[in-house]
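Worksheet for the structure shown next.
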Amino acid sequence: MHEFKYKNNQLYCEDIKIQDLAERFGTPLYIYSYHTLIDHFIKLQKAFCEIKPLICYSVKANPNLALLKALVDKGAGLDIVSGGELFRALKVGCPTNKIVYASVGKTDQEIEEAIRCGILFFNVESRPELENINRIANRLNKTTNVAIRINPDVEPKTHKYITTGKLTNKFGIDFESARQILLLRKALSNVHILGLHIHIGSQITESQPYIAAITKMVDFIGHCYKDGICIEYLNIGGGLGIIYDKETPQTADTFAKKILPMLKKTKLKIIMEPGRFIVGNAGILIAKVLYIKSTPKKKFIIIDAGMNDLIRPALYDAYHNILPLRCTSYELRCTEKVDVVGPICESADFFAKNRKLPYFKEGDYLAIMGAGAYGSSMASNYNSRCQPCEVMVKKNKAFLIRKRENYKDLVRKEIIAVQIS
Ligand code: LLP
């Protein structure tokens with residue numbers, strides 16, 4: 001599943017002892033395993049090889065250039081949601097006909113940039129957006145491809161903040177409105193509607209919500225044919241869940257087994273947009289124990305990583321496994337219930353609450369697992385904290401893929417206008 005394993009009681013990433021990386025690069029530190037990353041991409045590719053889908057890695061999950069380059073080199077396309085992500089995609093040389101662009105709020109400038117570089121298609125989220133894309137394409141004297149993002153109104157059974165395919169969510173277009181748009185398509189002479197898109201949520205561990213959504217889509221596509229509308233692509237989005245704790249998510253193979261027959265029947269070109277499935281378990285966050293603090297009610301392990309480095313526990317109450325870098329029988333025997341917290345001035349700044357963990361002492365390092373997706377990508381400078389450096393390990397080599405920020409980086413964009421004082 002992933003290449004973070006104990007060898008001789010020491011936690012390794014591939015062939016490198018993580019303690020050595022922590023000492024060499026300092027903490028907090030994000031570490032990625034190259035082989036885990038690529039392995040997940042290939043697992044999905046193999047499971048669906050019968051239909052050869054275009055797998056567009058969802059850049060938002062982790063936009064580091066080195067990571068994008070590694071995936072693009074293996075044939076991945078990219079799913080983007082902003083001009084900034086388009087910039088990254090182009091920077092790593094992603095073929096533009098492998099880029100798909102979603103987002104409910106694309107600006108004129110972003111739309112223009114994407115039209116000019118000739119992305120595969122926009123995933124359009126509303127009628128006004130479609131009209132705007134048509135207007136901008138017309139001004140540029142171009143025709144551009146779009147897919148209509150459908151909101152299929154299904155329950156993905158995940159956290160409410162990462163549910164996107166219900167009609168109460170801001171995403172996509174309901175079936176009836178989508179049909180109206182498709183019928184009027186000829187009035188929009190600078191857009192070519194060639195696909196349909198869904199993305200129903202994230203960290204989805206069962207196949208049932210996908211089956212429900214795709215069933216509705218197959219039915220809709222049937223109606224489209226009857227109306228004389230020819231669809232070429234079906235983009236089934238991302239959302240595949242991973243193991244953080246005791247989840248039993250579907251594997252790529254079981255997922256494929258469930259939905260392949262339906263996808264094959266459509267005879268359409270299939271696109272997928274996985275983010276977390278590819279990078280989630282390929283990354284960890286290493287932190288150092290600064291202090292152990294006992295109060296009459298609790299014992300706190302205070303570490304040098306905070307919610308600015310990894311916000312998922314604070315934002316979604318997300319569970320991340322915490323492991324010691326050294327795992328002798330002593331560490332395993334001495335377990336105690338503790339809170340693992342960061343240095344930030346918020347009570348939401350925690351990584352574990354009332355969790356039974358091995359005995360940690362000041363100066364020890366610990367590994368926060370499953371931090372590859374939506375870890376570094378959601379990091380901030382809150383409390384004027386410098387963002388961590390990032391390292392990618394391939395076998396016995398470690399590559400710095402993002403420098404640690406310094407104090408100068410923190411104020412680089414700020415201006416003290418003399419006129420103000
Ligand atoms: N496609 C679209 C249109 C999306 O909005 C997303 C994620 C994906 C693909 C990739 O989803 P994935 O395969 O990674 O589940 N910050 C949250 C997750 C937010 C997901 C946003 N959209 C978290 O930390 O759990």
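The values are calculated or read from the model by the stated rules, or taken from the named source; none is laboratory data. From a predicted model like this one, the values you see are computed outputs, not experimental measurements. Cβ coordinates were reconstructed from backbone atoms using ideal geometry, including for glycine residues, and neighbour counts include every protein chain displayed. Heads up: the accessible areas ignore ligands, DNA and RNA and are worked out on the full protein's heavy atoms, side chains in. Shrake-Rupley method; radii C 1.70, N 1.55, O 1.52, S 1.80 Å.
Taken over the stretch 180-201, the criterion of being open to solvent by 20 Å² or more (accessible area, probe 1.4 Å) and either within 12 Å of G238 (Cα to Cα) or of a type in the set (S, T, Y) (or both) is satisfied by S189, H199.
Could you tell me whether the stretch 207-228 includes any residue that is assigned to a loop (DSSP other than H, G, I, E, B), at pLDDT below 95, more than 13 Å from the ligand (Cβ to nearest atom) and open to solvent by 60 Å² or more (accessible area, probe 1.4 Å)? The answer is no, given that none of the residues of the stretch 207-228 is assigned to a loop (DSSP other than H, G, I, E, B), at pLDDT below 95, more than 13 Å from the ligand (Cβ to nearest atom) and open to solvent by 60 Å² or more (accessible area, probe 1.4 Å). Counting only strands (runs of 3 or more DSSP E) that fall entirely inside the stretch 320-421 and contain at least 3 residues that are over 27 Å from Y34 (Cα atoms) and not aromatic (F, W, Y), the qualifying elements are 335-341, 350-358.
Residue pairs whose Cβ atoms lie under 6 Å apart, separated by 6 or more positions or on different chains, with the first residue in the stretch 5-27 and under 22 Å from R402 (Cβ atoms) and without any contact (Cβ under 8 Å) to a residue 40 or more places away in the chain and the second among the basic types (K, R) and surrounded by 14 or more Cβ atoms within 10 Å (Cβ to Cβ), do not occur.
Among residues of the stretch 69-90 that are free of Cβ contacts under 8 Å to residues at least 24 places away in the same chain, those with a Cβ under 6 angstrom from a residue that is among the charged types (D, E, K, R) and within 16 Å of the ligand (Cβ to nearest atom), sequence gap 6+ or separate chain, pair up as V81/K60.
Taking the listed residues F175, F122, the one that is modelled with pLDDT of 95 or more, under 27 Å from C94 (Cβ atoms) and of a type outside the set (G, A, S) is F122, with no other qualifying. Checked against (1) open to solvent by less than 40 Å² (accessible area, probe 1.4 Å); (2) out of contact with any Leu (no Cβ under 9 Å at 6 or more places or on another chain), A114 passes all but a single condition, namely (2).
Inspection of the stretch 180-191 identifies no residue that is within 14 Å of the ligand (Cβ to nearest atom) and at pLDDT below 95.
Within the stretch 262-294, restricting attention to residues that are of a type in the set (S, T, Y) and open to solvent by 20 Å² or more (accessible area, probe 1.4 Å), the residue that is farthest from the ligand (Cβ to nearest atom) is S294. Note on the stretch 307-355: residues that are open to solvent by less than 20 Å² (accessible area, probe 1.4 Å) and within 16 Å of the ligand (Cβ to nearest atom) amount to 8.
When the stretch 120-145 is limited to residues that are more than 24 Å from I198 (Cα to Cα) and outside any helix (DSSP H, G or I), the one that is least open to solvent (accessible area, probe 1.4 Å) turns out to be L140.
When residues of the stretch 146-163 are filtered for being of a type in the set (S, T, N, Q) and either crowded, with 23+ Cβ neighbours inside 10 Å or in a strand (DSSP E or B) (or both), how many remain? Of the residues in that region, 2 qualify. Surrounded by fewer than 18 Cβ atoms within 10 Å (Cβ to Cβ) and out of contact with any Leu (no Cβ under 9 Å at 6 or more places or on another chain), is that true of K106? No, not satisfied.
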